[in-house]
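Here is the structure we will look at.
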Amino acid sequence: MINSLKKNKKGICLMLCSSLLVCIGQLLWKLSANGNLVYLLLGFISYGLGALVMLYAYKFGSLSVLQPMLSANYIFTIIFASAILHEQFTLFKFIGIITIFLGVLLIGCGDE
């Protein structure tokens, strides 16, 4: 379990960064819906950087461990939607975040 995290540590960190950048890009696209071209452009840049970081991350771990790390997108999305867009944060969303987090953690520890 610990060996799996050590072996894939750099790849996991890069995939989580990729997930965060992609989520920021999508948030900026949402904010650009009122016609703000700056947000639209920044969204494309953030999303593109996220894709590049993801491609680089594949050098540093197993695909079966790294790819599921992108599920962190759902966690970041709910947090950003609540904090920035003032969407409602419900008990079911909280339970979903915990479930996704535990799943990502178990997969990250499962490459032995």
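The values are calculated or read from the model by the stated rules, or taken from the named source; none is laboratory data. What you see is a predicted model, and the numbers here were worked out from it, not measured in a lab. Virtual Cβ from ideal backbone geometry, glycine too; neighbours counted across all protein chains shown.
Which of the following residues is at pLDDT 95 or above, within 24 Å of Ile98 (Cα to Cα) and under 11 Å from the mean Cα position of the chain (by Cα): Leu27, Leu21, Leu70? Result: Leu21 is the single residue among Leu27, Leu21, Leu70 that is at pLDDT 95 or above, within 24 Å of Ile98 (Cα to Cα) and under 11 Å from the mean Cα position of the chain (by Cα). Between Lys59, Lys7, Lys30, the distinction of being of a type in the set (D, E, K, R), surrounded by fewer than 18 Cβ atoms within 10 Å (Cβ to Cβ) and more than 23 Å from Gly110 (Cβ to Cβ) belongs to Lys30 only. Being at pLDDT 95 or above and not small (Gly, Ala, Ser): is that true of Leu105 here? It is false that Leu105 is at pLDDT 95 or above and not small (Gly, Ala, Ser). Scanning the range 53-112 for residues that are of a type in the set (Gly, Ala, Ser) and either in contact (Cβ under 8 Å) with a residue 60 or more places away in the chain or over 24 Å from Lys30 (Cα atoms) (or both) turns up Ala57, Gly61, Ser62, Ser64, Gly103, Gly108, Gly110. Within the range 30-64, the residues that satisfy the criterion of being of a type in the set (Val, Ile, Thr) and under 17 Å from the mean Cα position of the chain (by Cα) are Ile45, Val53.
In the range 73-112, which residues are in contact with a Cys (Cβ under 8 Å, 6 or more places away or on another chain) and among the hydrophobic types (A, V, I, L, M, F, W, C)?
Initially, the range 73-112 is screened for residues in contact with a Cys (Cβ under 8 Å, 6 or more places away or on another chain), giving 73, 76-77, 80.
The answer is Phe76, Phe80.
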